[in-house]
Amino acid sequence: MAKRVAFTQLTSCWGCDQSLVDLHLGLLDVIPELEIVYWPAVVDYKLKDLENLPDQSIEFGFVEGSCRTKEDEHLLKVMREKSQTLIAWGSCSCYGGVQGLGNQWSIDELMERKFKTADTVTNGRIPEENMPGFTDHIKANTEIVPFELRIPGCPPTPENTLEGLTALLQGEEYELPNKTVCDECPKEREHKTITEFHRTHEGKIDPDRCLLDQGYLCLGFATISLCGAQCPKVNTPCKGCFGPPPGVIDHGAKIISALGSVVDMDAEELREYFPDTIGSFYFTDYASSYLSKITSRKKKEETT
Amino acid sequence: MTDERTIRIEPVTRLEGHGELTIKLGKGGKVKDVQFNISSTRFFEKFLEGRLAEEVPRIAERICGICPVPHLLASVKAVEAAWDVNPPKPAEKVRRLFLNAKQLSSHGLHFFALAAPDFLAGPFADPSQRNVVNIIKSLPDVGKLALQIMEYGQDLVCAIGGKSIHPVTATPGGMLNPFSEEHRDNFLERMEDLKEWTTDTVKLAKKVVDDYWDVIENFAVVPTYYLGMHYRGNYEIYDGRLRVMNPEGEIVENFPAKRYRKYYGEHVPNHSYATHIYYKPAGYPEGVWRANSLARINVADKMPTPLAQEALEEFREKLGRPTHATFAYHWARVIEMIQAVEEMEKLLQDPDIVSTDVKLSDVEPKKGNGVGVVEAPRGTLLHHYWTDERGIVTKTNLVVATNNNIGGIEKSLMKAAKQVFENKEHENLNLPDPMIK
């Protein structure tokens with residue numbers, strides 16, 4: 001019998017949805033197994049339809065995106081009530097996503113910039129009528145409600161989602177791998193000590209050699225291997241968008257400490273190479289870092 | 001007793017993004033207000049500040065998972081403009097191929113998954129019937145057609161960008177990875193199939209257009225301004241000047257993107273987190289413009305490829321220039337699909353497409369500011385960045401594709417609401433039998 005599933009989008013780019021659609025003809029095998037009870041991107045059910053479902057009546061609830069608005073928080077809580085198995089789907093859901101970078105500022109500063117001081121704005125104000133209001137800062141969804149499963153990725157590859165979904169449909173365990181992107185990267189690694197870093201636009205990359213060995217900040221060594229090393233394979237440094245391997249809580253802290261053992265430079269020198277520590281080391285998971293929590297607490301204290 | 005009421009549709013479905021609809025009805029069913037409430041935003045404008053400019057494209061493309069390629073390219077072009085960098089010619093060709101591949105897959109997704117369910121299952125079908133999943137089940141041939149077209153586009157995006165969603169290879173100064181001969185051969189080989197699927201899509205679209213002619217001609221027809229890119233009058237999506245057409249069909253502006261602030265106004269409504277972009281000299285709301293496929297088709301004098309030009313002529317013969325019919329967006333999208341396929345074939349046959357000379361090695365950051373514009377599937381997309389001497393972004397302004405349309409969407413929703421609630425015109429519409437029973 002088909003399983004009752006729901007796909008919901010909190011604030012996000014909808015890339016996780018597109019990734020599911022990217023199964024293409026593979027969808028023909030999956031779709032008959034699913035009874036879709038909610039999926040606004042595709043099916044015309046309304047929020048009320050979801051709210052009116054009996055508790056625990058969704059077998060698999062997929063949650064994409066993070067809580068930027070109070071409406072997102074409501075939807076997340078409804079999904080928790082209605083779902084037997086709740087799945088944090090994608091890096092926004094698991095770690096807060098790129099919008100977590102906004103936690104460097106207060107929500108007032110963010111709103112001010114967008115709605116009042118942007119160069120082209122002609123009548124600045126904060127929209128309020130029929131608007132849900134924003135959350136103070138971004139958190140990982142897993143810090144707001146409990147989840148049974150996580151499938152990280154920005155977005156997860158179609159294969160990641162299919163693997164997770166197939167495991168669920170067959171009642172099997174789905175476990176995240178304890179490997180890193182480097183384990184899947186075909187480039188030759190010499191484990192050289194790094195004496196200088198280059199920015200990605202600088203010089204020309206040797207396609208056969210490890211990017212980190214060449215002095216490009218490739219975060220494959222500290223990032224979970226779920227993507228198949230797709231970026232380094234096309235000569236582009238890994239930015240860590242799938243987050244850390246299991247067991248690592250603070251991705252950026254892990255990256256910085258691991259870098260310490262491969263570079264031959266003092267802390268000041270390293271700092272000069274990376275003037276934007278947060279953007280460089282916490283791409284999609286700043287919101288779930290210790291640093292973000294400390295900053296958010298300080299911002300809150302300042303305003304109260 | 002009063003018959004005043006407010007209708008809330010939450011959420012608006014088959015939409016990328018978060019939106020609700022509020023319709024306020026007064027006495028006697030008079031439509032007092034229609035609001036398209038876009039209920040979320042992420043504040044990229046602010047959190048791109050302080051980042052290394054060459055890394056910004058990889059963050060900024062996360063604005064949209066359906067159309068990351070145009071964001072990546074507009075963002076990279078903005079950094080290149082700020083730093084006075086011109087990538088090698090072959091890199092530009094690869095980027096054009098990249099953008100057309102995305103245009104194809106996005107239009108396939110839009111036509112089949114977002115729009116077609118209303119036509120194939122009929123607008124009054126049960127919600128559980130009106131979706132692409134049901135098309136796949138009930139009309140497997142159409143479903144397969146849709147999936148194959150999307151697959152070709154997404155595979156090609158992945159072959160160029162390393163990932164089909166949030167691809168990575170475009171960087172200030174060119175492309176980090178050349179397009180390989182193996183990929184070129186593979187996509188050329190599959191081109192015959194793609195052309196056949198496109199022809200089948202055109203046939204299906206023609207049937208839909210014929211069946212729903214009454215709706216196209218009469219429903220939600222609203223005059224607005226239009227914004228779109230062109231190159232010497234030709235339809236263009238990667239690099240050109242911008243045109244503004246007034247509701248009467250006259251081209252009233254023709255400017256390079258870097259001068260956009262003279263023409264672009266951004267109105268902040270009280271009921272939406274998405275701002276309404278408009279033609280500043282005309283003021284708001286008079287200057288509300290629309291972008292996207294219909295606008296591009298309206299502002300272009302001609303299409304640069306033969307089959308697309310033929311399709312444009314047929315479109316103009318039936319609907320004129322400009323056409324303000326909101327439902328004509330679907331037809332315009334099909335013309336653009338033909339154009340994308342023709343341009344992709346031409347580019348795949350160009351020897352430069354597999355050149356390894358696709359990246360400069362001497363790009364230097366500098367203090368400056370730059371505007372990057374491309375046509376995204378949903379309309380003209382603009383990124384504007386300011387950088388300091390080290391190449392760190394100090395300020396940004398983003399005018400994303402869809403925002404160009406929100407004012408126009410509201411206008412057409414108001415018109416449609418009046419037609420539905422006040423004049424009951426939908427009762428007289430001549431609707432065909434749905435293809436999905």
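The values are calculated or read from the model by the stated rules, or taken from the named source; none is laboratory data. What you see is a predicted model; the values in this text were computed from it and never measured. Using ideal geometry, Cβ is built from the backbone for each residue, glycine included, and neighbour counts are taken over all protein chains shown.
Listing for the model above:
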{"item": "Residue count, the stretch B:152-169 (criterion: under 20 Å from the mean Cα position of the chain (by Cα) and either crowded, with 22+ Cβ neighbours inside 10 Å or aromatic (Phe, Trp, Tyr) (or both))", "result": "10"}
{"item": "The stretch A:215-229, residues that are surrounded by 20 or more Cβ atoms within 10 Å (Cβ to Cβ) and either in a loop (DSSP other than H, G, I, E, B) or within 8 Å of chain B (Cβ to nearest Cβ) (or both)", "result": "A:217, A:218, A:223, A:226, A:227, A:229"}
{"item": "Close pairs from the stretch A:193-209: first at the interface with chain B (Cβ under 8 Å from one of its Cβ atoms), partner outside any loop (DSSP other than H, G, I, E, B) and surrounded by 14 or more Cβ atoms within 10 Å (Cβ to Cβ), Cβ under 7 Å, at least 6 apart", "result": "A:199/B:52; A:200/A:216; A:200/B:171; A:201/B:171; A:204/B:359; A:205/A:216"}
{"item": "Yes/no for residue A:257 being more than 14 Å from chain B (Cβ to nearest Cβ), small (Gly, Ala, Ser) and in contact with an Asp or Glu (Cβ under 7 Å, 6 or more places away or on another chain)", "result": "no"}
{"item": "Within the stretch A:63-78, tally of residues that are over 16 Å from residue A:133 (Cβ atoms) and either at pLDDT below 95 or surrounded by 24 or more Cβ atoms within 10 Å (Cβ to Cβ) (or both)", "result": "3"}
{"item": "Positions within the stretch B:23-52 being assigned to a loop (DSSP other than H, G, I, E, B), at the interface with chain A (Cβ under 10 Å from one of its Cβ atoms) and touching a helix residue (DSSP H, G or I) at 6+ places or on another chain (Cβ under 8 Å), in sequence order", "result": "B:39, B:40, B:41, B:42, B:43, B:48, B:50, B:51"}
{"item": "Counted residues, the stretch B:243-276 - those being away from chain A (no Cβ under 14 Å), surrounded by 16 or more Cβ atoms within 10 Å (Cβ to Cβ), in contact (Cβ under 8 Å) with a residue 40 or more places away in the chain and not in a loop (DSSP other than H, G, I, E, B)", "result": "3"}
{"item": "Residues satisfying the stated conditions in the stretch A:30-58, i.e. among the charged types (D, E, K, R) and either closer than 19 Å to residue A:71 by Cβ or within 11 Å of chain B (Cβ to nearest Cβ) (or both)", "result": "A:35, A:44, A:46, A:48, A:49, A:51"}
{"item": "Single unsatisfied condition, residue A:163 versus (1) crowded, with 23+ Cβ neighbours inside 10 Å; (2) more than 10 Å from chain B (Cβ to nearest Cβ); (3) of a type outside the set (A, V, I, L, M, F, W, C); (4) in contact with a Phe, Trp or Tyr (Cβ under 8 Å, 6 or more places away or on another chain)", "result": "(1)"}
{"item": "Any hit, the stretch A:55-62, residues being more than 30 Å from residue B:158 (Cα to Cα), over 25 Å from the mean Cα position of the chain (by Cα) and of a type in the set (D, E, K, R)", "result": "yes"}
{"item": "Given (1) at negative phi; (2) at the interface with chain B (Cβ under 10 Å from one of its Cβ atoms), index of the condition residue A:24 fails", "result": "(1)"}
{"item": "Top-ranked residue of the stretch B:281-294 - restricted to ones that are part of a helix (DSSP H, G or I) and either touching a helix residue (DSSP H, G or I) at 6+ places or on another chain (Cβ under 7 Å) or more than 13 Å from chain A (Cβ to nearest Cβ) (or both), ranked as surrounded by the most Cβ atoms within 10 Å (Cβ to Cβ)", "result": "B:294"}
{"item": "Residue, surrounded by the most Cβ atoms within 10 Å (Cβ to Cβ), within the stretch A:1-21, restricted to residues that are hydroxyl-bearing (Ser, Thr, Tyr) and within 7 Å of another protein chain (Cβ to nearest Cβ)", "result": "A:19"}
{"item": "Criterion violated by residue A:252 - all others in (1) closer than 17 Å to residue B:176 by Cβ; (2) out of contact with any Pro (no Cβ under 7 Å at 6 or more places or on another chain); (3) not in a loop (DSSP other than H, G, I, E, B) satisfied", "result": "(1)"}
{"item": "Scope the stretch A:115-152; condition among the β-branched types (Val, Ile, Thr) and in contact with a strand residue (DSSP E or B) (Cβ under 8 Å, 6 or more places away or on another chain); matching residues", "result": "A:120, A:121, A:122, A:135, A:138, A:142, A:145, A:151"}
{"item": "Subset of the stretch B:170-205 [under 23 Å from the mean Cα position of the chain (by Cα), crowded, with 19+ Cβ neighbours inside 10 Å and within 16 Å of residue B:349 (Cβ to Cβ)]", "result": "B:194"}
{"item": "Helices (runs of 4 or more DSSP H) fully within the stretch B:100-173 counting 1 or more residues that are of a type in the set (A, V, I, L, M) and more than 21 Å from residue A:7 (Cα to Cα)", "result": "B:116-120, B:140-161"}
{"item": "Residue identified as within 12 Å of chain B (Cβ to nearest Cβ) and either within 30 Å of residue A:21 (Cα to Cα) or touching a residue at least 12 places away in the same chain (Cβ under 8 Å) (or both) among A:142, A:180, A:157", "result": "A:157"}
{"item": "Residue match in the stretch B:7-22 (condition: more than 8 Å from every other protein chain (Cβ to nearest Cβ) and either small (Gly, Ala, Ser) or assigned to a helix (DSSP H, G or I) (or both))", "result": "yes"}
{"item": "Test: residue in the stretch A:43-62 that is out of contact with any Cys (no Cβ under 6 Å at 6 or more places or on another chain), within 26 Å of residue B:148 (Cβ to Cβ), of a type in the set (A, V, I, L, M) and crowded, with 22+ Cβ neighbours inside 10 Å", "result": "yes"}
{"item": "Residue pairs meeting the criteria (Cβ under 8 Å; at least 6 apart or on separate chains; first more than 7 Å from chain B (Cβ to nearest Cβ) and free of Cβ contacts under 8 Å to residues at least 12 places away in the same chain, in the stretch A:116-127; second part of a loop (DSSP other than H, G, I, E, B) and surrounded by fewer than 13 Cβ atoms within 10 Å (Cβ to Cβ))", "result": "A:116/A:125"}
